[in-house]
1. Any idea which of A:Thr245, A:Leu265, A:Thr285 is furthest toward the positive side of the dipole for the stretch A:205-311, if Lys and Arg beta-carbons carry +1 and Asp and Glu beta-carbons -1?
2. Counting chymotrypsin sites (Phe, Trp or Tyr not before Pro) as exposed when in a DSSP loop with at most 15 other beta carbons within 10 Å, what is the longest stretch of chain A free of them?
3. Test of understanding: in a Gaussian network model of chain A with alpha carbons linked when under 10 Å, which of A:Ala226, A:Ala54, A:Ala258 would top the mean-square fluctuation ranking?
4. Which of B:Lys10/B:Lys143; A:Lys137/A:Lys199; A:Lys203/A:Lys287; A:Lys16/B:Lys112; B:Lys198/B:Lys244 have a Cα-Cα distance over 19 Å?
5. Between the helical axis of A:187-200 and the dominant principal axis of chain A, each derived from Cα atoms, what acute angle in degrees is found, rounded to the nearest 10?
6. Taking springs between alpha-carbon atoms closer than 10 angstrom, which of B:Ala77, B:Ala40, B:Ala161 fluctuates most in the Gaussian network model of chain B?
7. Please state, to two decimals, what the Cα-based radius of gyration of chain B comes to when divided by 2.2 N^0.38 Å (N = residues).
8. Let me have the relative contact order for the stretch B:128-262, percent, based on Cα pairs under 8 Å that are six or more residues apart.
Amino acid sequence: MTYEQLLTQTATADDKYIVMTAENRALVRNIPSVLGNRFVDTGITEQTMVGAAAGLALRGRVPVVHALTSFLTMRAFEFIRTDVGIPSLPVKLSGFIPGFLSDGNGPTHQALEDISLMRGIPNMEVYAPADEDDLVKMLPYIWSTPRPAYVRINTRTTDYIHSDYEPGKAEIVATGTDITFLTYGLMFEQCLQAMKHLKQEGKSVGLINFRSLKPFDESALLQAVADSKLLITVEDHFLTGGLYTIVAETLLKHKTTADVIPFALAEKWFKPALLPDVLKYEGFTGKQIAEEILGYKIHTEETVMQAPAFAE
Amino acid sequence: MNLHTTTTFKHLEDIALKVRSHVVKMATNGGCFIGASLSAVDVLVYLYTEYLNIHSANLNDPERDYLLLSKGHDVPALYGTFVELGLLEGDRLGNHLLLDDHIYWHPNVKIKGVEFHSGSLGHLPSVAIGIAIDIKLRNGKNKVVCVLGDGELNEGTCWEAALVANAYKLDNLIFVIDRNQFQANMATEDLIPLEPLKDKFESFGAVVRRIDGHDFAQIDEAFSALPFEEGKLQVIIADTIRGKGLPSIERRADRWFCNFTTDEIEQLLQELYGEPQAFLTSNTLVVR
């Protein structure tokens, strides 16, 4: 099932749902004809869309709003924080092309602080699915709650079949005694690759998909600290405010520490190009990550990630 | 301006005078945005007394009308009106800025009758759009009034909202502009000129009337004529005077946020009821 199919099915079955967009229709192209006037496109007005979503929520609706995530989480930040966050209204934010998924657009469109911004808002929940399968497994829960939520939309398909979504829980993909990858979103796929390479080099490797970043599954992290000698955080996000920061905060809270190596964008935007080239240039392919951890080159073939099918 | 209101509106003038006295009493022990509150009193008193289907028994009724105070810093005028309507106990205004109540410089939904918090300018036009769209979806007859300051119109989101309201033909949505000619520290026309304001809204697709916002006959005539034209955003520009009712602070750029002494408050209350102008010695500009 695709994102659009799930949204169509959900919104058709219950008229409390309003589908909104700030003229970003990539994910909802076929919905206007199905939902009629419960589809509201406010034009290129992220702030007005979010404010209007708050108004609709006051009237008992659950708006699912769509925009490019850089404009949704930054242009409309104060509207999200003030009109959705303060009253804790059930507005569901779908941020499109976050992180590396905005591959060729340049820094104006690169949302690399969305996790940091959204998790800083009291009451706001933050989700980052690894792929479309992960996404459609978590959305029914996210859309059903009376709370505000931000979803870092990722509709890429992968071969991986995820476990069912359990509220607030991470997905423990594998456990290992040497190294455990902590990741979310698009980089999940590369961490699977990195894990494969490291296993071939004789390492015992774990992988945790932090599909829910807020609430955060602290026990999954603490278990990884106990099991594994080295933790690796991998995220297409600024180093500040994302998973690496969450890990640091959580370890401090539990008066513990660990050896952690972060893969993130430190004080920089990424070089615009097509996605596979971006990953390679920035050193985020599974093979590059494995080599960085090992400290030497490996000679197995690399699985090249496919470029996205969309441009926005 | 026209001060020759008919006796028909005497009861509103009486209420407005009491509301103004509530506002004045809140301008001490920490102070309040007195000037911008006094300019909005007459429109608010009219709306709650004569126009809006809002009363203590229907505050959660989905069929009620909505008033959204986007220029939230005039909340003393709203709370003063609530007291005169019986929505709020009068002695609670004495809790202004006290920790054990929720009465402070901007609206809080914990005060019965407040639909939504505000304070950050340019937000409630869009929230009002969401409410108005839902009412249309349900074929409701209720009206949504959004009160905006003129300085607030500097915010681009007010105009963004006008575009969207026009696109969705929200004739159940009424923007009331409290045109008191001042931004925080400056006259609007000296800083970011707004005129011709009626033309601006009309060019965005709205239908607009401009009235004297202190003349109940004109206020009544305008609101009774709504919708001026179906399928359009309704805009009423209410020309008002910042500090209205207190000649000692009227139209003064330096009387925006005021924190007066108890003695000055006494003098201002007398001035409100027709005594000579107060002699004000406290800091003339307490900028927030």
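The values are calculated or read from the model by the stated rules, or taken from the named source; none is laboratory data. Note that the coordinates shown come from a computational prediction; the quantities given were computed from them, not determined experimentally. As a convention, Cβ positions derive from the backbone with ideal geometry for all residues, glycine included, and neighbour counts pool all protein chains shown. For accessibility, only protein heavy atoms count, side chains too; no ligands or nucleic acids. Shrake-Rupley method; radii C 1.70, N 1.55, O 1.52, S 1.80 Å.
1. So the residue we want is A:Thr245.
2. Working: sites that count: A:Tyr160, A:Trp269, A:Tyr296, A:Phe310.
The longest uninterrupted stretch comes out as A:1-159.
3. Result: A:Ala226 has the largest fluctuation of those listed.
4. Values: B:Lys10/B:Lys143 26 Å; A:Lys137/A:Lys199 28 Å; A:Lys203/A:Lys287 14 Å; A:Lys16/B:Lys112 26 Å; B:Lys198/B:Lys244 23 Å.
From B:Lys10/B:Lys143; A:Lys137/A:Lys199; A:Lys203/A:Lys287; A:Lys16/B:Lys112; B:Lys198/B:Lys244, over 19 Å: B:Lys10/B:Lys143; A:Lys137/A:Lys199; A:Lys16/B:Lys112; B:Lys198/B:Lys244.
5. For helix A:187-200, the angle is close to 20 degrees.
6. Looking only at B:Ala77, B:Ala40, B:Ala161, the biggest GNM fluctuation is shown by B:Ala161.
7. Working: Rg = 17.9 Å, N = 288, 2.2 N^0.38 = 18.9 Å.
Rounded to two decimals, the normalised Rg is 0.95.
8. Working: 216 pairs, mean separation 35.8, N = 135.
Averaging sequence separation for qualifying contacts and normalising by length gives 27 percent for the stretch B:128-262.
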